[in-house]
Amino acid sequence: GAVVSQHPSWVICKSGTSVKIECRSLDFQATTMFWYRQFPKQSLMLMATSNEGSKATYEQGVEKDKFLINHASLTLSTLTVTSAHPEDSSFYICSAPWTSRRLDTQYFGPGTRLTVL
Amino acid sequence: AQTVTQSQPEMSVQEAETVTLSCTYDTSENNYYLFWYKQPPSRQMILVIRQEAYKQQNATENRFSVNFQKAAKSFSLKISDSQLGDTAMYFCAYLTGTASKLTFGTGTRLQVTL
């Protein structure tokens, strides 16, 4: 089956620093990837849609200058949390639809736990 | 905008019993997809079952089946012969036929007990 990986699985950083999270589709090409944020015991909240070769589309209320998304290749999207603050601590999950097969099937990465001290 | 509602924040079921998780959604579209995802303590999202709106037949996957009522906009998940490994958060999700953005419900935490 399709596999989506994320790196790192967890990261701790100091307030004010930037953190980059990678999302890779390992055995399929993904022209689109999605980034979610999940707070403890809550649902997934879509942050943005990452588009290969073009700008990301952000959901309402998500600061594009704070959460930088780059989709540089058909298998890699990165989310950079800039000038991180403790309130950015959360679980970040990416997903990718296997568009060459079924647009409706999305595969999720294992998530990245970010803790900002 | 589409919305997905899961009215049961928590549920408990004994091992080997059957449990049904509820989900309702709101949409004006005719072509869409519905999903149930499982998120165990590892937090890896796992697809449990998928239903295409144009199909009248309810989807089944081994011990998992759905009751899809399109007119009522209801999409419940039935887990038969519950196992301890079924303990997880379960999310109902909606996908339009023209886009790939998933809309998730708030989730139901299922605890399977001995």
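When A:Glu63 is tested against (1) free of Cβ contacts under 8 Å to residues at least 12 places away in the same chain; (2) away from chain B (no Cβ under 14 Å); (3) crowded, with 17+ Cβ neighbours inside 10 Å, just one condition goes unmet, and that condition is (3). For segment B:53-62, the criterion of being within 11 Å of another protein chain (Cβ to nearest Cβ) and not acidic (Asp, Glu) is satisfied by at least one residue. For B:Ser100, are the conditions met, namely being part of a loop (DSSP other than H, G, I, E, B), open to solvent by less than 60 Å² (accessible area, probe 1.4 Å), small (Gly, Ala, Ser) and without any contact (Cβ under 8 Å) to a residue 40 or more places away in the chain? Yes: the conditions hold for B:Ser100. In the set (1) farther than 19 Å from A:Phe108 by Cα; (2) out of contact with any Cys (no Cβ under 8 Å at 6 or more places or on another chain); (3) hydroxyl-bearing (Ser, Thr, Tyr), the condition left unmet by B:Tyr25 is number (2). The set of residues from segment A:10-25 being farther than 11 Å from A:Ser89 by Cα, of a type in the set (Ser, Thr, Tyr) and assigned to a loop (DSSP other than H, G, I, E, B) comprises A:Thr17, A:Ser18. Pairs meeting the criteria (first residue in segment B:24-50 and on the phi < 0 side of the Ramachandran plot and modelled with pLDDT under 90, second residue open to solvent by less than 10 Å² (accessible area, probe 1.4 Å) and not β-branched (Val, Ile, Thr), beta carbons under 9 Å, at least 6 apart or on different chains) are B:Glu29/B:Ala53; B:Asn30/B:Ala53; B:Asn31/B:Ala53. Considering only residues in segment B:63-97 that are buried (at least 16 other Cβ atoms within 10 Å of the Cβ) and closer than 16 Å to A:Gln106 by Cβ, the one that is nearest to the chain's Cα centre (by Cα) turns out to be B:Cys92.
Restricting attention to segment B:13-53, the residues that are among the polar types (S, T, N, Q), open to solvent by 30 Å² or more (accessible area, probe 1.4 Å) and assigned to a loop (DSSP other than H, G, I, E, B) total 7.
Let's see how each residue does on (1) over 24 Å from A:Ser15 (Cα atoms); (2) open to solvent by 70 Å² or more (accessible area, probe 1.4 Å); (3) free of Cβ contacts under 8 Å to residues at least 60 places away in the same chain; (4) over 10 Å from the mean Cα position of the chain (by Cα):
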residue	(1), (2), (3), (4)
A:Gln38	no, no, no, yes
A:Ser43	yes, no, yes, yes
A:Asn51	yes, no, yes, yes
A:Thr57	yes, yes, yes, yes
A:Ser73	yes, no, yes, yes
A:Leu79	no, no, yes, no
A:Ser90	no, no, yes, yes
A:Cys94	no, no, no, no
A:Tyr107	yes, no, no, yes
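The values are calculated or read from the model by the stated rules, or taken from the named source; none is laboratory data. In this text, all values refer to a predicted model and were calculated from it rather than measured experimentally. Note that we place each Cβ from the backbone using ideal geometry, even for glycine, and neighbour counts take in every protein chain shown. These area figures cover heavy atoms from the full protein model, side chains too; ligands, DNA and RNA do not enter into them. Shrake-Rupley method; radii C 1.70, N 1.55, O 1.52, S 1.80 Å.
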